[in-house]
1. Restricted to region 93-113, and to residues that are closer than 17 Å to Asn158 by Cβ and not hydrophobic (A, V, I, L, M, F, W, C), which residue is surrounded by the most Cβ atoms within 10 Å (Cβ to Cβ)?
2. Considering each residue of region 96-141, count those that are in contact with a His (Cβ under 8 Å, 6 or more places away or on another chain) and in contact (Cβ under 8 Å) with a residue 24 or more places away in the chain, and give that number.
3. Hey, could you check region 57-92 for residues that are without any contact (Cβ under 8 Å) to a residue 40 or more places away in the chain and of a type in the set (Asp, Glu) and say which is surrounded by the fewest Cβ atoms within 10 Å (Cβ to Cβ)?
4. Got a number for residues in region 102-123 being hydrophobic (A, V, I, L, M, F, W, C), in a loop (DSSP other than H, G, I, E, B) and more than 20 Å from Asp137 (Cα to Cα)?
5. Which numbered condition in (1) at pLDDT 90 or above; (2) of a type in the set (A, V, I, L, M); (3) touching a Ser or Thr at 6+ places or on another chain (Cβ under 9 Å) is the only one that Ile89 fails?
6. Among Val142, Val162, Val171, which is the only one that is surrounded by 14 or more Cβ atoms within 10 Å (Cβ to Cβ) and either more than 17 Å from Met83 (Cβ to Cβ) or acidic (Asp, Glu) (or both)?
7. Among the numbered conditions (1) in contact with a Ser or Thr (Cβ under 7 Å, 6 or more places away or on another chain); (2) at pLDDT 75 or above, tell me where Phe275 comes up short.
8. Report yes if Ala38 is over 30 Å from Leu144 (Cβ atoms), small (Gly, Ala, Ser), at pLDDT below 90 and exposed (fewer than 10 other Cβ atoms within 10 Å of the Cβ), otherwise no.
Amino acid sequence: RMAASINIGPLSLWERDRVRETALQLPPHPNRISWRRAPERANGIVDSNGRQRGQSTTEFVVFMLAMLPLFMLLPVLGKLSDMNESAIIASRYMAWERTLASPAVKSDAEIRDEMRKRMFADSRLFIATGDAPDQADAAQHVSLWSQIHPERPRLLENFSDVNMGIREDRVPGNASDLLYAAKDLLTAFDSDDRFNVNTAGLYRADVDVKTGFQPQGSDSLLRIRRHMVILADGWAASAPSGGPDSAAERVRGMVPTDRMNDMEIERVTSLLGSFPLTQEIRGFEAGAITPEIVPPDRLGDRR
């Protein structure tokens, strides 16, 4: 009775049960063995109140060990992404430049040098037509494209590591093959090749950049390849290379009456036009093509 009324004070739950069992001379309860003796076996992981300590720190350390390589790789990924954007812009520049200037006006070497300086050199440099970057000038290199490597401090070590290629091809596809076959058929009946259409007109520009970054486990350096394709000549009514008369010249071979000009038909029409009944034939023009003429119903009051 006296042991049951002992004041055990502010003790924890398992300590109060321990004191009560000692005072009443009771054996330990079998269901309380695991949680009562857990603090003794935990060696500091569980405190006197039964709470765990250090779990968040352990999880944070494991997380950082897994994410640390990714954090270290983020700057390199950003620099490679910037080089990739430059390669995309360079391919577009070369394709458009070739559509505007033929190889006789501007060679592939000139376009290549301009592309290297305008897209892969420092953006603060002044640019001019036909200029090329200077490899010996360190100020012309992009300062962002650097890396921590004893042998390759820059991702783009030399401007010559940026290579290019421009070619003019035929438009692929079954529909294009059918058009080309029709053109060859018309040409067979036209010895003068007056059905003059460009069977190429598809310009493709390729950019190949050899970077100084070597992926883990790879024996070669990373390369960035991008391309751009432009259909510059779609057999339009008037092309810049042909001038305002290009439409007439391209379809002239498909007009059968155009052959009458070779027979001096103007003398015949002039002779027939001298008679009253056939005087309207005097204005006949064999093989006349006027693509710029406007129908009278479209002129309105300006006729």
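1. Going through region 93-113, the residues closer than 17 Å to Asn158 by Cβ turn out to be 109, 112-113.
Narrowing the set further to residues that are not hydrophobic (A, V, I, L, M, F, W, C) leaves 112-113.
Numbers: Arg112: 21, Asp113: 16.
Among those that are closer than 17 Å to Asn158 by Cβ and not hydrophobic (A, V, I, L, M, F, W, C), it is Arg112.
2. Initial filter on region 96-141 (in contact with a His (Cβ under 8 Å, 6 or more places away or on another chain)): 121-122.
Still in the running and in contact (Cβ under 8 Å) with a residue 24 or more places away in the chain: 121.
Residues meeting the conditions: 1.
3. Checking each candidate, the answer is Glu59.
4. As a first pass, look at region 102-123 and keep what is hydrophobic (A, V, I, L, M, F, W, C): 104-105, 109, 111, 115, 119-121.
Keeping just the survivors that are in a loop (DSSP other than H, G, I, E, B) gives 104-105, 121.
Next cut, more than 20 Å from Asp137 (Cα to Cα) only: 104-105.
Residues in region 102-123 being hydrophobic (A, V, I, L, M, F, W, C), in a loop (DSSP other than H, G, I, E, B) and more than 20 Å from Asp137 (Cα to Cα): 2 in total.
5. So Ile89 meets the others, but not (3).
6. On the way: Val142 fails: either more than 17 Å from Met83 (Cβ to Cβ) or acidic (Asp, Glu) (or both); Val162 fails: either more than 17 Å from Met83 (Cβ to Cβ) or acidic (Asp, Glu) (or both).
Sole residue among the options that is surrounded by 14 or more Cβ atoms within 10 Å (Cβ to Cβ) and either more than 17 Å from Met83 (Cβ to Cβ) or acidic (Asp, Glu) (or both): Val171.
7. (1) is the only condition that Phe275 fails.
8. Values: over 30 Å from Leu144 (Cβ atoms): yes; small (Gly, Ala, Ser): yes; at pLDDT below 90: yes; exposed (fewer than 10 other Cβ atoms within 10 Å of the Cβ): no.
No.
The values are calculated or read from the model by the stated rules, or taken from the named source; none is laboratory data. The structure displayed is predicted, hence computed values, not measured ones. No Cβ is skipped: glycine too gets one built from the backbone with ideal geometry, and neighbour counts run over all protein chains shown.
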